[in-house]
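A.B. asks: Before I ask anything, let me first share the structure, which is written out below as C-alpha cells.
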Amino acid sequence: MALIVQKFGGSSVANAERVMNVARIVTDTYAEGNDVVVVVSAQGDTTDDLIEKAKEINPKASKREMDMLLASGEQISIALLAMAIEKLGYHACSLLGWQAGFNTSSVYGAARIKKVDTARIKQEISEKNIVVVAGFQGINKYDDLTTLGRGGSDTSAVAIAAAMHADRCQIYTDVDGVYTADPRKVKNAVKLDEITYDEMLELATLGAQVLNNRSVEMAKKYNVVVEVLSSLERVPGTIVKETVKMEKMLVRGVTKDTNVARISIIGVPNVPGIAYKIFGKLAAKNINVDIILQSVGRNDTKDITFTVSRDHSELALEILNNLDVLEGLKIECDDKNVAKVSVVGAGMETHPGVAATMFQALFEADINIQMISTSEIKISVLIDINDADEAVRVIHNAFIPEE
Ligand code: ADP
Ligand code: ASP
Ligand code: MG
C-alpha cells in the first residue's frame with residue numbers, strides 16, 4: 001500500500017461541481033488501495049476577495065489579523081471536500097494547519113514551516129480516513145495562525161510528503177503540467193515531461209506560477225519527487241526531480257514577472273563602502289535585491305540602480321531615505337512600469353550564444369532592455385511592462401520555434 005499526497009489549487013475546487021470532481025479523483029486513488037492525504041487551497045478567488053474585504057476596512061491592517069482572515073479560505077474548502085468525499089461513501093477527516101501539526105516561524109504572512117508533527121494525520125490514516133488538510137497555514141510559537149505567503153499550499157503538500165515519506169506527491173492544477181511558457185499566454189508552449197529541481201526553482205522564482213518556489217526548494221532539500229498534473233483531464237503531467245534524461249532543448253522555459261520595482265540612486269559619491277551600506281541595510285530588513293547595476297555618473301559620482309519585489313519597494317525607499325550616506329541624493333522608484341522576462345535552462349551553461357539569441361529577438365521586436373542579469377542557468381532582462389507579453393512570445397519563438 002502506498003501513501004499518496006495530492007494537492008488541489010483554488011481553481012480545482014472553485015465550485016460544487018469541481019469539489020465533487022476532486023472528491024472522485026481522491027476516492028479513486030483511495031479505492032486502489034492507497035492511503036491518501038489531500039491538501040487544498042481556498043476556492044477560486046477567495047484569498048483575493050478576502051484581501052479586498054480587509055482593504056475596505058483597513059488598508060494597513062496588521063499582518064496577524066490578515067493571517068487570521070486569510071486562513072479562513074482554506075477552512076471552507078477542507079470542510080466542503082470532506083463532505084463531498086463522505087457523499088461518495090468514503091470516510092474523510094478535515095484538519096486545519098495546526099491540527100495537522102504545521103509548526104511555523106512567527107513571521108505573519110510569510111511564515112516558514114519549521115516542523116510538521118504528523119501524529120494526528122497518522123492517527124486519522126490508521127482509522128481509515130482520507131485526510132483533508134488546509135494548505136497555506138500553520139501555527140507559530142505564540143499559538144497564532146500564520147500563513148506561508150501566496151501560493152503556499154504547494155509547500156504544505158511537499159512538507160507533508162517529506163515528513164511522511166510519501167510514495168508520491170501530486171500537485172493537481174488547472175493546466176496539465178509545466179510548459180516552456182505560460183500556456184495561457186503562449187499558444188505554442190510545449191509541455192515538459194520532466195524538469196530538474198534547479199530549473200523548476202528558477203522558473204518558479206522568475207514568475208511561472210504553476211509551482212510555488214518554496215515548494216520546489218523543499219522538494220529538492222528532502223528529495224520529494226513532485227508530479228504536476230491536471231485536475232480536469234486525466235493525462236500524464238510533468239515530473240520534477242533531481243536529474244532528467246538529457247534533452248536537446250537549450251532553454252526549458254520563458255517567464256514573466258511583473259512583481260518588480262526599479263529603484264535608482266543618482267549621483268552617489270565615488271568612495272568605497274556605499275554599496276555595502278545600502279545593501280547591508282536592505283538585507284537586514286529581509287529585502288531581497290535582484291538585478292544591480294552601477295554606472296558612472298557626472299563629477300566623480302555614480303548611479304546605483306537595482307530591483308526589488310513591488311511589495312518591498314515602499315519599505316526599501318523608507319530605508320534609503322533614512323540612510324545618512326544618501327542624504328540629499330535623488331532616489332527614484334518605478335513600481336508600475338517594469339517587468340522582468342527570463343529564459344531558464346541548464347543547457348545554457350555549456351552553450352554560448354543564448355544571450356545573443358535572446359537579445360536579437362528583443363531587438364527585432366523593437367523592445368528596449370533596461371537591465372540585464374545572468375546566472376549559470378538563467379538570463380533575465382528588465383523591460384517596459386507593456387512589452388512583457390510580446391517579449392515572452394518572441395523569445396519563446398526564438399528558442400522553441402512554432403511547429
Ligand atoms: P493553483 O490554483 O492550482 O495553485 P496557479 O494559478 O497557482 O494554480 O498555477 C497554475 C497557472 O500557472 C496556470 O493556470 C498557468 O496559467 C500558470 N503558468 C505560468 N507559467 C506556467 C508554465 N510555465 N507552465 C504551466 N503553467 C504556467
Ligand atoms: N489560497 C492561497 C493563495 O491564494 C494559497 C494557495 O493558493 O496556495 O495564495
Ligand atoms: Mg498556486
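A.B. asks: Give segment 375-388 a look and list any residue that's within 17 Å of residue 185 (Cβ to Cβ), open to solvent by less than 60 Å² (accessible area, probe 1.4 Å) and not in a strand (DSSP E or B), or say none.
C.D. replies: 385, 387, 388
Residue-wise test of (1) closer than 25 Å to residue 164 by Cβ; (2) open to solvent by 60 Å² or more (accessible area, probe 1.4 Å); (3) part of a loop (DSSP other than H, G, I, E, B).
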position	(1), (2), (3)
12	yes, no, no
19	yes, no, no
22	yes, no, no
28	yes, yes, no
33	yes, no, yes
47	no, no, no
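A.B. asks: From the list 210, 235, 216, 224, which one is under 30 Å from residue 21 (Cβ atoms) and open to solvent by less than 10 Å² (accessible area, probe 1.4 Å)?
C.D. replies: On the way: 210 fails: open to solvent by less than 10 Å² (accessible area, probe 1.4 Å); 235 fails: open to solvent by less than 10 Å² (accessible area, probe 1.4 Å); 224 fails: open to solvent by less than 10 Å² (accessible area, probe 1.4 Å).
216 is the lone residue from the list that is under 30 Å from residue 21 (Cβ atoms) and open to solvent by less than 10 Å² (accessible area, probe 1.4 Å).
A.B. asks: Working carefully through the options 336, 340, find the one that is surrounded by fewer than 19 Cβ atoms within 10 Å (Cβ to Cβ), at pLDDT 95 or above and under 23 Å from the mean Cα position of the chain (by Cα). Quick ask: steps written out before the conclusion?
C.D. replies: Details: 340 fails: surrounded by fewer than 19 Cβ atoms within 10 Å (Cβ to Cβ).
Of the residues listed, the single one that is surrounded by fewer than 19 Cβ atoms within 10 Å (Cβ to Cβ), at pLDDT 95 or above and under 23 Å from the mean Cα position of the chain (by Cα) is 336.
A.B. asks: Looking at 8, 102, which is the one that is open to solvent by less than 40 Å² (accessible area, probe 1.4 Å), within 16 Å of ligand 1 (Cβ to nearest atom) and aromatic (Phe, Trp, Tyr)?
C.D. replies: Working: 102 fails: within 16 Å of ligand 1 (Cβ to nearest atom).
Answer to the selection: 8.
A.B. asks: Which one of these does residue 160 not meet: (1) under 19 Å from residue 8 (Cβ atoms); (2) modelled with pLDDT under 95?
C.D. replies: Among (1) under 19 Å from residue 8 (Cβ atoms); (2) modelled with pLDDT under 95, residue 160 violates only (2).
A.B. asks: One residue is enough: does segment 113-124 have a residue meeting the conditions of a type in the set (Ser, Thr, Tyr), within 16 Å of ligand 2 (Cβ to nearest atom) and closer than 20 Å to residue 4 by Cα? Walk me through it before giving the result.
C.D. replies: First pass over segment 113-124, keeping only residues of a type in the set (Ser, Thr, Tyr): 118.
In the following step, the residues that additionally are within 16 Å of ligand 2 (Cβ to nearest atom) were identified as none.
Checked segment 113-124: no residue is of a type in the set (Ser, Thr, Tyr), within 16 Å of ligand 2 (Cβ to nearest atom) and closer than 20 Å to residue 4 by Cα.
A.B. asks: Do the conditions hold for residue 305, that is, is it farther than 18 Å from residue 392 by Cβ, free of Cβ contacts under 8 Å to residues at least 40 places away in the same chain and either in contact with a strand residue (DSSP E or B) (Cβ under 7 Å, 6 or more places away or on another chain) or open to solvent by 40 Å² or more (accessible area, probe 1.4 Å) (or both)?
C.D. replies: Working: farther than 18 Å from residue 392 by Cβ: yes; free of Cβ contacts under 8 Å to residues at least 40 places away in the same chain: no; either in contact with a strand residue (DSSP E or B) (Cβ under 7 Å, 6 or more places away or on another chain) or open to solvent by 40 Å² or more (accessible area, probe 1.4 Å) (or both): yes.
Here the answer is no, as residue 305 does not meet what is asked.
A.B. asks: Now, a different point. Being closer than 24 Å to residue 375 by Cα and surrounded by fewer than 11 Cβ atoms within 10 Å (Cβ to Cβ) is the filter here; which residues of segment 264-279 pass it?
C.D. replies: Narrowing segment 264-279 to residues closer than 24 Å to residue 375 by Cα: 264, 275-276, 278-279.
The answer is 276, and nothing else.
A.B. asks: Hey, could you check segment 32-72 for residues that are in contact (Cβ under 8 Å) with a residue 60 or more places away in the chain and of a type in the set (Gly, Ala, Ser) and say which is nearest to residue 9 (Cα to Cα)?
C.D. replies: 41
A.B. asks: Would you pick out the residues in segment 308-319 that are part of a helix (DSSP H, G or I) and either surrounded by fewer than 18 Cβ atoms within 10 Å (Cβ to Cβ) or out of contact with any helix residue (DSSP H, G or I) (no Cβ under 9 Å at 6 or more places or on another chain) (or both)? Talk me through it step by step, then tell me what you get.
C.D. replies: The initial filter retains those residues of segment 308-319 that are part of a helix (DSSP H, G or I), namely 310-319.
Within segment 308-319, 310, 311, 313, 314, 315, 317, 318, 319 meet the criteria.
A.B. asks: Looking only at segment 51-94, filter to residues that are closer than 23 Å to residue 149 by Cα and assigned to a loop (DSSP other than H, G, I, E, B); which one of those is most open to solvent (accessible area, probe 1.4 Å)?
C.D. replies: It comes out as 60.
A.B. asks: Now a separate question. Is segment 238-250 home to any residue that is under 12 Å from the mean Cα position of the chain (by Cα) and open to solvent by less than 30 Å² (accessible area, probe 1.4 Å)?
C.D. replies: no
A.B. asks: Which of the residues that make up segment 182-210 are at negative phi, in contact with a Ser or Thr (Cβ under 9 Å, 6 or more places away or on another chain) and in contact (Cβ under 8 Å) with a residue 60 or more places away in the chain?
C.D. replies: The answer is 182, 186, 188, 189, 190, 192, 196, 202, 203, 206.
A.B. asks: Please enumerate the residues belonging to segment 35-62 that are at pLDDT below 95 and touching a Ser or Thr at 6+ places or on another chain (Cβ under 9 Å).
C.D. replies: Hits for segment 35-62: nothing passes.
A.B. asks: Can I ask one more? Would you check if residue 175 is surrounded by fewer than 24 Cβ atoms within 10 Å (Cβ to Cβ) and within 15 Å of ligand 1 (Cβ to nearest atom)?
C.D. replies: Numbers: surrounded by fewer than 24 Cβ atoms within 10 Å (Cβ to Cβ): yes; within 15 Å of ligand 1 (Cβ to nearest atom): yes.
It is true that residue 175 is surrounded by fewer than 24 Cβ atoms within 10 Å (Cβ to Cβ) and within 15 Å of ligand 1 (Cβ to nearest atom).
A.B. asks: Can you tell me which residues in segment 38-65 are within 12 Å of ligand 2 (Cβ to nearest atom) and of a type in the set (A, V, I, L, M)?
C.D. replies: Start the filter on segment 38-65 by keeping residues that are within 12 Å of ligand 2 (Cβ to nearest atom), which leaves 39-51.
If the condition is that a residue be within 12 Å of ligand 2 (Cβ to nearest atom) and of a type in the set (A, V, I, L, M), then 39, 40, 42, 50, 51 are the ones that fit.
A.B. asks: Sticking with this structure for a sec: Can you tell me which residues in segment 207-233 are aliphatic (A, V, I, L, M) and more than 10 Å from ligand 1 (Cβ to nearest atom)? Don't jump to the end; show me each part of the working.
C.D. replies: Applying the first criterion (aliphatic (A, V, I, L, M)) to segment 207-233 yields 208, 210-211, 216, 218-219, 224-226, 228-229, 232.
Within segment 207-233, 216, 218, 219, 224, 225, 226, 229, 232 qualify.
A.B. asks: Here is a further query. In segment 339-374, which residues are more than 23 Å from residue 304 (Cβ to Cβ), free of Cβ contacts under 8 Å to residues at least 24 places away in the same chain and in a loop (DSSP other than H, G, I, E, B)?
C.D. replies: Residues satisfying the conditions are 350, 352, 353, 366.
A.B. asks: Among the residues of segment 116-144, which ones are touching a Ser or Thr at 6+ places or on another chain (Cβ under 9 Å) and either open to solvent by 80 Å² or more (accessible area, probe 1.4 Å) or of a type in the set (S, T, N, Q) (or both)?
C.D. replies: Selection gives 137, 140, 141, 142.
The values are calculated or read from the model by the stated rules, or taken from the named source; none is laboratory data. Quick caveat: nothing in here was measured; it's all calculated off a predicted structure. Backbone-built Cβ (ideal geometry, glycine too); neighbour counts: all protein chains shown. Accessible surface areas use protein heavy atoms only, side chains included; no ligands, DNA or RNA. Shrake-Rupley method; radii C 1.70, N 1.55, O 1.52, S 1.80 Å.
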